[in-house]
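Contents: one structure, followed by commentary.
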Amino acid sequence: MHFLSVVYLIWLREILRQWRDRVRIFASFAMPFLFLLVMGRGISAGLSAFGVAPSFDYLQFIFPGIIGMTVMMTAIYQSISVVYDREFGFLKEMLVAPIPRWTIVFGKVLGLATLGLFQGFIVLMLAPLAGISLSGELILKALPVLMLLALSISSFGVALASRVKTIQGFQAIVPLPIVLMTFLAGTMYPLKNLPMDLEILAKIDPLTYGIDLLRQIFLSGTMSDELISQVTLFPWQLDLGVIIGFTLFMLAFASFTFRED
Amino acid sequence: MNVIEVKGLVKKFGSFRAVDNISFEVDSGEFFGFLGPNGAGKTTTINILTTLLKPTEGRALVAGHDVSREKHKVRKSIGIVFQEGSLDDSLTAFEHLKFHGVFYDVPKKVYRARIEELLEIVGLEDRRNSLVKTFSGGMRRRLEIARGLIHRPRVLFLDEPTLGLDVQTRILVWDYIRSLGQREDVTIFLTTHNMEEAEFADRIAVIDHGNIIALDTPANLKKLVGKDIVMVQTAHNAQAKKEIKERWNVEAKEIDEHLVLEIENGPEFTPVLVRELSVAVEAISTRGVTLEDVFLHLTGRSIRDEGRDPESGFQRKLKIGR
Ligand SMILES: Nc1ncnc2c1ncn2[C@@H]1O[C@H](COP(=O)(O)OP(=O)(O)OP(=O)(O)O)[C@@H](O)[C@H]1O
Ligand SMILES: [Mg+2]
């Protein structure tokens, strides 16, 4: 009971921190719009200028990618809070308290994942702008996937942040995993006809499976099955299995990086 | 019964020995002071005793538990007010205190009552719901002290706790901490360079360059020094120093512009000194021994000589972002 209240408070702290910062609230609403309305529409218009317009609606294709990317980016960026806690001393207050390390890790991960999921949810609500109609069923299917994605990436972020000791260091390193994961995961293009090395890397990227699954969920109502199989990679069971496995692994890894020495 | 036992404790950072083989014991309920200049190894010792740092060598028991092997049990028995800031700007004062109560598993009713009591003592009742980012340095410090007292630990570590507090708050806080020590049998481990604060301690360890160079009651420590302190400023200090040595066989120490002498009977000695020195005396005074003089006596240096101005000790790092 005691430990659960501790996890709850550490979770709550992440939410309060976000809630009380107006700039962050503004950014959290503005970013998804930018991704969808500027990047999504921009790329899809650009493609038609080349005369290579695909046989399907590109905005629909890219939408699941944008959701996955939004969740991932939020979760990783927010994990800078671990570095802040170290720099501003609140981490000491937690480390010296009679609470196990895992309560700190779980509280943090759950808090960061909640923020990521919240962002994902905002983008989800924008689906009609991409020509995808929202149904209760679609939301029910998409949310658990977004939650797993948020949890696994937050755990990754916490593990990363527990190793990086300075804010500057974290800010320098964080674009690497973001860019790598985003472009390898087929966020903006189907992962077909890739050179061998990229294909292997894409299959290692956990976000690939998340976006693949999201794509199947989002497009099932708007595209023909044949078209969907052209732009997706794996059966949904495999995608789901990989994401669950990755989440568990990352949670364990984050707890491990925070262990007592 | 000893509530802290330290034996042969060493902490190296690289090849530098920040704590260099110290041993001491603190009795249950004792008010124990750690007195030393900047960089002496006070905070490093506290970090080891509170499980935040691993000792390089040696052993330390707190409340009967080994600080490297039974961390959880040690943490359950201690409280700490850190020397450096440990607050979260995005939380309110009340939230900090409440979080602490929950972290230490204090029953809700109890921590609620203590929060009221402590907010009043540190004078933050009317700022309880303000975000900490709107607090001044002294207010932050007061909140940190209040937080350290929410749970009633067996050993309370205070790392220069009242640095930067105004005199009134300092007195209130000290009255409360001392009454706590008496009522609840809390052992207090204090580090400071503030001499008046150190005077309250039952025993004081004087630490310098990672070594304990003296450990006794304040009264006994003062007996190490002669009876009185005479401070004299002359037109030619070096010459005066030489004459004092030849004439009275007393070793004068040079601190800033002054010569400092340890003398049996200061008030009678000063007129004699003025009369018999060949160089002109510009200023002279005499007073009883303080712990500051003890430090000077033991090391030949003033405790305030080196490092920063003590009052600026916890000027925060510039806050960015967040
Ligand atoms: N993490 C560290 N890495 C390297 N050296 C360190 C580290 N922490 C402390 N030191 C060094 O150890 C010595 C003792 O530091 P410590 O913080 O214990 O001093 P202190 O007695 O608390 O001083 P102050 O009165 O300034 O707080 C100093 O010389 C300091 O530079
Ligand atoms: Mg210190």
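Brief remarks follow.
- Residue in region B:71-81 that is among the charged types (D, E, K, R), open to solvent by less than 50 Å² (accessible area, probe 1.4 Å) and within 12 Å of another protein chain (Cβ to nearest Cβ) present: yes
- Residue that is most open to solvent (accessible area, probe 1.4 Å) [pool: residues in region A:98-113 that are farther than 19 Å from A:Ser79 by Cβ and touching a residue at least 60 places away in the same chain (Cβ under 8 Å)]: A:Pro100
- Verdict on B:Asp166 being at pLDDT 85 or above, more than 15 Å from the chain's Cα centre (by Cα) and among the acidic types (Asp, Glu): yes
Yes or no, residue by residue, for (1) in a helix (DSSP H, G or I); (2) within 14 Å of chain B (Cβ to nearest Cβ); (3) of a type in the set (A, V, I, L, M, F, W, C); (4) more than 15 Å from A:Thr114 (Cα to Cα):
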{"position": "A:Ser5", "(1), (2), (3), (4)": "yes, yes, no, yes"}
{"position": "A:Leu9", "(1), (2), (3), (4)": "yes, yes, yes, no"}
{"position": "A:Leu16", "(1), (2), (3), (4)": "yes, yes, yes, no"}
{"position": "A:Leu36", "(1), (2), (3), (4)": "yes, no, yes, yes"}
{"position": "A:Arg41", "(1), (2), (3), (4)": "yes, no, no, yes"}
{"position": "A:Pro64", "(1), (2), (3), (4)": "yes, no, no, yes"}
{"position": "A:Ser81", "(1), (2), (3), (4)": "yes, yes, no, no"}
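- Flag for B:Leu261 being within 20 Å of B:Met195 (Cα to Cα) and not in a helix (DSSP H, G or I): yes
- Residues located in region B:144-174, provided they are β-branched (Val, Ile, Thr) and touching a His at 6+ places or on another chain (Cβ under 7 Å): B:Ile150
- Residues that are out of contact with any Gly (no Cβ under 8 Å at 6 or more places or on another chain) and either within 13 Å of another protein chain (Cβ to nearest Cβ) or more than 16 Å from ligand 2 (Cβ to nearest atom) (or both) within region B:153-165 comprise B:Arg154, B:Asp159, listed in sequence order.
- Screening the candidates B:Leu143, B:Leu119 for the property of being crowded, with 20+ Cβ neighbours inside 10 Å, farther than 30 Å from B:Glu25 by Cβ and touching a residue at least 40 places away in the same chain (Cβ under 8 Å) yields one hit, B:Leu143.
- Reported count of residues in region B:6-40, each being out of contact with any Ser or Thr (no Cβ under 8 Å at 6 or more places or on another chain) and within 15 Å of ligand 2 (Cβ to nearest atom), is 5.
- Against the list (1) surrounded by fewer than 21 Cβ atoms within 10 Å (Cβ to Cβ); (2) more than 16 Å from ligand 1 (Cβ to nearest atom); (3) under 26 Å from A:Lys92 (Cβ atoms); (4) more than 14 Å from chain A (Cβ to nearest Cβ), the condition B:Arg203 fails is (3).
- Being open to solvent by 10 Å² or more (accessible area, probe 1.4 Å) and not polar (S, T, N, Q) is a property that A:Leu146 lacks.
- Residue list for region B:151-197, filter: of a type in the set (Asp, Glu), more than 13 Å from ligand 1 (Cβ to nearest atom) and in a loop (DSSP other than H, G, I, E, B): B:Asp166, B:Asp185
- In the set (1) in contact (Cβ under 8 Å) with a residue 60 or more places away in the chain; (2) at the interface with chain A (Cβ under 10 Å from one of its Cβ atoms), B:Thr43 fails one condition alone, (2).
- Qualifying residue in region B:56-65 (condition: out of contact with any helix residue (DSSP H, G or I) (no Cβ under 9 Å at 6 or more places or on another chain), away from ligand 1 (no atom under 16 Å from the Cβ) and under 13 Å from B:Ile212 (Cβ atoms)): no
- For region B:82-130, a residue qualifies if it is more than 12 Å from every other protein chain (Cβ to nearest Cβ) and basic (Lys, Arg), and the qualifying residues are B:Lys109, B:Arg112, B:Arg114, B:Arg127, B:Arg128.
Matching residues to (1) touching a residue at least 40 places away in the same chain (Cβ under 8 Å); (2) within 14 Å of chain B (Cβ to nearest Cβ); (3) over 15 Å from the mean Cα position of the chain (by Cα):
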position	(1), (2), (3)
A:Leu198	no, no, yes
A:Asp205	no, no, no
A:Tyr209	no, no, no
A:Ile217	yes, no, yes
A:Leu233	yes, no, yes
A:Trp236	no, no, yes
A:Gly245	no, no, yes
A:Met250	yes, no, no
A:Arg259	yes, yes, yes
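- Odd one out for B:His209 among (1) within 16 Å of ligand 2 (Cβ to nearest atom); (2) open to solvent by less than 60 Å² (accessible area, probe 1.4 Å): (2)
- The single condition among (1) assigned to a strand (DSSP E or B); (2) of a type in the set (A, V, I, L, M, F, W, C); (3) surrounded by fewer than 19 Cβ atoms within 10 Å (Cβ to Cβ) that B:Val232 does not satisfy is (3).
- When restricted to residues that are in contact (Cβ under 8 Å) with a residue 40 or more places away in the chain, among the β-branched types (Val, Ile, Thr) and more than 16 Å from ligand 2 (Cβ to nearest atom), region B:46-82 contains 3.
- Of everything in region B:1-50 that is among the aromatic types (Phe, Trp, Tyr) and surrounded by fewer than 16 Cβ atoms within 10 Å (Cβ to Cβ), the residue that is nearest to ligand 1 (Cβ to nearest atom) is B:Phe13.
- Checklist (1) assigned to a helix (DSSP H, G or I); (2) touching a residue at least 12 places away in the same chain (Cβ under 8 Å); (3) open to solvent by less than 40 Å² (accessible area, probe 1.4 Å) applied to A:Glu93, failing item: (2)
The values are calculated or read from the model by the stated rules, or taken from the named source; none is laboratory data. Please read all numbers here as calculations on a predicted model, not as lab measurements. We place every Cβ from the backbone using ideal geometry, glycine too, and count neighbours over all the protein chains shown. Note: accessible area is taken over every heavy atom of the protein model, side chains too, but ligands, DNA and RNA are not part of it. Shrake-Rupley method; radii C 1.70, N 1.55, O 1.52, S 1.80 Å.
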